1. Any residue that is charged (D, E, K, R) and away from chain A (no Cβ under 14 Å) - is there at least one of those in the range B:431-440?
2. Would you call A:GLY28 within 25 Å of B:ARG129 (Cβ to Cβ), in contact (Cβ under 8 Å) with a residue 40 or more places away in the chain and either more than 16 Å from ligand 2 (Cβ to nearest atom) or part of a loop (DSSP other than H, G, I, E, B) (or both)?
3. Is there any pair linking a residue in the range B:77-92 that is on the phi > 0 side of the Ramachandran plot to one that is modelled with pLDDT of 95 or more, with Cβ under 6 Å and at least six apart or on different chains, and which?
4. Only one of these conditions is not met by A:VAL71: (1) β-branched (Val, Ile, Thr); (2) within 14 Å of chain B (Cβ to nearest Cβ); (3) more than 8 Å from ligand 1 (Cβ to nearest atom). Which number is it?
5. Among the residues of the range B:575-590, are any of a type outside the set (Val, Ile, Thr), surrounded by fewer than 21 Cβ atoms within 10 Å (Cβ to Cβ) and part of a strand (DSSP E or B)?
6. Right, A:PRO179: over 19 Å from the mean Cα position of the chain (by Cα), within 15 Å of ligand 1 (Cβ to nearest atom) and in a loop (DSSP other than H, G, I, E, B) or not?
7. Output yes when any residue across the range A:18-39 is under 20 Å from A:HIS192 (Cα atoms), within 7 Å of ligand 1 (Cβ to nearest atom) and within 13 Å of chain B (Cβ to nearest Cβ), and no when none is.
Amino acid sequence: MRPFQYMRPEGLDHAGQLLRDGARPIAGGTNLLDLMKLEVEAPDRLVDINRLPLGGIAPTDDGGVRIGALVTNSACAADLQIRRDYPVLARAILAGATFQLRNMATTGGNLCQRTRCYYFTNIDQPCNKRQPGSGCGAIGGHNRIHAILGASDACIATYPGDMAVALAALHADVEIERPDGTSRTVPVRTFHRLPGDTPDLDNVLEAGEVITAVILPPPAGGTQLYRKVRDRSSYAFALVSVAAVVRMDGDTIGSAALAFGGLAHKPWHDPRVEQLLAGQRPSDALFHQAADLLLEDAEGQGENDFKIPLTRRTLLASLREATGGAA
Amino acid sequence: MTRSLTMDRPDDRNRLDAMAQGVIGQPLDRPDGPAKVTGTARYAAEYQIAGCVEGVLVTATISKGDVTAIDEASVLSMPGVIAVISDERMTARAAQGGAGEAPVQQVRQVQYYGQPIAVVVAETFEQARDAAKHLKVTYRADDAAITDPHSAAAPTETYDEPIEQGDLAQAMAQAAHAVDVTYTTEGHNSAAMEPHASIAQWDGQMLTLHASLQMLAYNQKELADSLDLQPEQVRLVSPYVGGGFGSKLGISPEGVAAAVAAMQLNRPVRVVMLRQQVFQCVMRRSETVQRLRLAADAEGRLTGFGHEARVSNLPEEEFAEPVTQASEFLYPGENRRLAIELARVNLMTAGSVRAPGEAVGMQVLESAMDELANAMGLDPVELRLRNIPDRHPSEGIPYSSRKLAECLKAGADRFGWNGADRRPAQRREGEWWIGTGMANACRVHNINEAQASVTLMADGTAIVASDMTDIGTGTYAILGQIAGEMLGLDPTDVLVQLGDTDLPPGSGSGGSWGAASTGSAVFEACEAIREHLAERLGTTEAELTLKDGFATAGNRRVALPELLAGAEVERTGHFKPGEITEAFAAAMYGAFFAEVAVNAYTGEVRVRRFTGAFSMGRVLNAKTATSQCMGGMVWGIGSALTEGLTFDPRDGHIVNPDLAEYHIPVNLDVPHLDVVLVDERDPAGSPLQAKGVGELGICGAAGAINNAIHHACGVRVRSFPMTPDKLLAELPDP
Ligand SMILES: Cc1cc2nc3c(=O)[nH]c(=O)nc-3n(C[C@H](O)[C@H](O)[C@H](O)COP(=O)(O)OP(=O)(O)OC[C@H]3O[C@@H](n4cnc5c(N)ncnc54)[C@H](O)[C@@H]3O)c2cc1C
Ligand code: SF4
């Protein structure tokens, strides 16, 4: 760990000023501190945002919910309204990490958690994300946990989180404060980036910007589920995960919002798949068609080839469950 | 006074059963428990020593070659940095268990990625770690490194003498039923909770090392040899060890580095390995490729038995994962071939990890046995029962007490085993396939030389002392119980002192030999004290009854303090394995029964029920023995489903060197573990009639899970760990 300066700002303005000067926010620290010990991250100044007024879960004017950036994963998953109206979110959070980690992990920090790529976390190995231009250790190396969709020649990493996958299925927005004090919102679906030629950028946050909240639209209703396939029952990242919010309209699928974890550099979603399903009678044939479309461009690296059939099967399980068990 | 016993013959006297105190075998709490759960038990790194500075190892980032330059100036100006040391006495590898001499020391000749090459010392741990990461090292890399253990380019040698008997090929050809299958297992890390840590402190020519080690008497020699000292100049202190599982059998690089740095800087130095270093530079279990050939007659009796393996290690290491160890005697078959091929590779040292040999050997053998049972349509329990040989199939020697059949029956009863219908993929609950499977457990019984002193104090309490370690197994508890039983004392009146080379040299902990070996030394010392007491009481030892602090003979009953009349009695017991080790095939046995659920969509496996029935000779403490068995079964779940070291194919670095990515089972992976202890006395096992227990619970466990998976969904996975991707390819459409 490199020496760094620790700062605890007096209120939002002061924080904004420090961030503007290039300091790095730290919330729960469960990801950032680990990476600092490994010197994967080496910020010279940390702004501890934990005492800023960025907490609380509150209703919004249009019937949605605003989750403050500092709300812990534990608090969010335990919130009665979240559990009632956005069960996919509570389930996704509870499928992640451990009690201890969730007690510390925050909503903002969780969105910004970095990839678990083995080569990213080892500073003696090449990695374009950590050190642009150094090459990608995972290509030709071990890549069992890597991307099958949206990867580039520069980087095949995945975004590892669970919470954001549920937020993508829920069409949530990320509320961001700019250094100048103004704010903007970005849909979760476009908050994370694909790697392209600049894998060092995980998401669309710009220098000095800070996440202040996540905004949920009014409850979508329907059947909500989160399926996470992993190597052990708990305390493991997703090999593949599916968040589904499916509303039935009589015998047909009214709408199906789907997002996928473990497949790409971002929570993956594919509007074509959602369109294909809407208005259709659930059937295995339809579900396979959906999987065909979803995985049309999927490409394995060898070790992670299994994610392609695994995604198909997990999607099938999710759609059967969400639509009431078509066969 | 020392009383020695070289064990040449079985001890049929069953002395412990004749004692009166009634504490042996009782499920007593361990005396060290409260200190551990309240955080007052002090582990190696936790000693506060004035003036102590912090060292962090620097490890190689190439897999083979030479260090041509270390640019000390690159870090000496960093805050707090005191020194960069790369000394010829430092060790490049950990010592193998029981080595008693220095391991390979050329730290500047790199043989594997992650090899220690230097240590950076600074005022704080963070400063030292930062500097260690920044140190500029120049290498001359040797492109001939072999980092793929399966590579045809890896030089191989035959390990030990293969066992060749009869004609296996012919037996296979003529068999009524035969299987010829090849399985693979991945490398394992011990994954002890406490990382390797040492604090070195010199006092003139005397070195004291607070360390986390399993076999102090040997480690003392290894450290002394590394530093060119006499063993007497080295004191090791290791009263609490936060798990070892083989990885702390030998002196490891951080201890030697701390000693060298402390000498050079003339101040105490602490070196704690980073978790990544514990993975990358201590010990791995080798990966294995194992071919099993089983030939059976129409009734399922084995006529041919082949177990051939390929494992790997660094050049110059003598250790080869002894996967065929139990195969030598567990099953019959007059036509045999057992052989281990050792490939030389540039990967970290392979050594003892959690039941070396049987852990991965038995899981594969027991999976293959299940394949044979299925091929015959026979209940796999029945197949096991039909294959319990009368004599050691190669050496002809008899077995010592062997309760395998009893374990099979007890385990099957407890579990509710139904072996009648072994057709796969018959039971479905929702999206889960349900199946059951079983396996034998077997682990060779080892004993080791050990000494321990027992002092009966004038007040009638006792002190047991040995440099024996308690690596979390319950040694403090059982040694107190043995002395308590023999001397008629409540175990709370027996103080057990361990983990200090100033005390008599015990056996150390490893290979499940600790209890039977050091326990026998305590037993010997107690017998000597009993003789002394009998003499004082004017009777014979055989007539003497010791109970609740009183000595009784005939109608005389005297309190111990009165009998001792102010004098304390100290005796040292010295136990040595003798001809007994050659005279019998001695082993611990058991049987596993598992029920698993396999997700029909994803191939995820959950163990739903897991029963193990075990026999280990006399049970010294039913609670700690049960806990040991449970621990072994947890390892078994890891070996079956989740654990595997992954090496980068290009440079041999471990890509999953931490507990987030190297998946040991977590609570949710482990169902209620049901352990049945089958009563046994093994007179050939030790004078305690006890054998070992620590490792038994893993030896075959993963096989039961493999077999249950096959029964559940019809997929036979021949590659461990059985992660979802490996099931997926063959899983029926959901
Ligand atoms: C062993 C382990 C297992 C885990 N398993 C899972 C899992 O299964 N599923 C899963 O989803 N997660 C898992 N996690 C990750 C965990 O969820 C994240 O570490 C956590 O959510 C991060 O939140 P934090 O508040 O601690 O972030 P921090 O570590 O404080 O920060 C993380 C990053 O976010 C930035 N940041 C923090 N807050 C803000 C903000 N308001 N605005 C802008 N930037 C900000 C920081 O600068 C930093 O770059 C696991 C973590 C560990 C260590
Ligand atoms: S996949 Fe991305 S994160 Fe991983 S090594 Fe390659 S560039 Fe780095």
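The values are calculated or read from the model by the stated rules, or taken from the named source; none is laboratory data. Predicted, not measured: the structure shown is a model, and the values here were computed from it. Virtual Cβ from ideal backbone geometry, glycine too; neighbours counted across all protein chains shown.
1. Initially, the range B:431-440 is screened for residues charged (D, E, K, R), giving B:431.
If we keep only those that are away from chain A (no Cβ under 14 Å) too, we end up with none.
For the range B:431-440, residues charged (D, E, K, R) and away from chain A (no Cβ under 14 Å): absent.
2. Yes; evaluated as a whole, the condition is true for this residue.
3. Partner pairs satisfying both residue conditions: B:GLY80/B:ALA122; B:GLY80/B:GLU123; B:GLY80/B:THR124; B:GLY80/B:GLN127.
4. All conditions pass for A:VAL71, except number (2).
5. Checked the range B:575-590: at least one residue is of a type outside the set (Val, Ile, Thr), surrounded by fewer than 21 Cβ atoms within 10 Å (Cβ to Cβ) and part of a strand (DSSP E or B).
6. For A:PRO179, the condition - over 19 Å from the mean Cα position of the chain (by Cα), within 15 Å of ligand 1 (Cβ to nearest atom) and in a loop (DSSP other than H, G, I, E, B) - is met.
7. Yes, because at least one residue in the range A:18-39 is under 20 Å from A:HIS192 (Cα atoms), within 7 Å of ligand 1 (Cβ to nearest atom) and within 13 Å of chain B (Cβ to nearest Cβ).
Per-residue answers, yes or no, for (1) outside any loop (DSSP other than H, G, I, E, B); (2) within 14 Å of chain B (Cβ to nearest Cβ); (3) free of Cβ contacts under 8 Å to residues at least 24 places away in the same chain; (4) not hydroxyl-bearing (Ser, Thr, Tyr):
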| site | (1), (2), (3), (4) |
| --- | --- |
| A:ASN143 | no, yes, no, yes |
| A:HIS146 | no, yes, no, yes |
| A:ALA154 | no, no, no, yes |
| A:TYR159 | no, no, no, no |
| A:ALA168 | yes, no, no, yes |
| A:HIS171 | no, no, no, yes |
| A:VAL174 | yes, no, no, yes |
| A:VAL186 | yes, no, yes, yes |
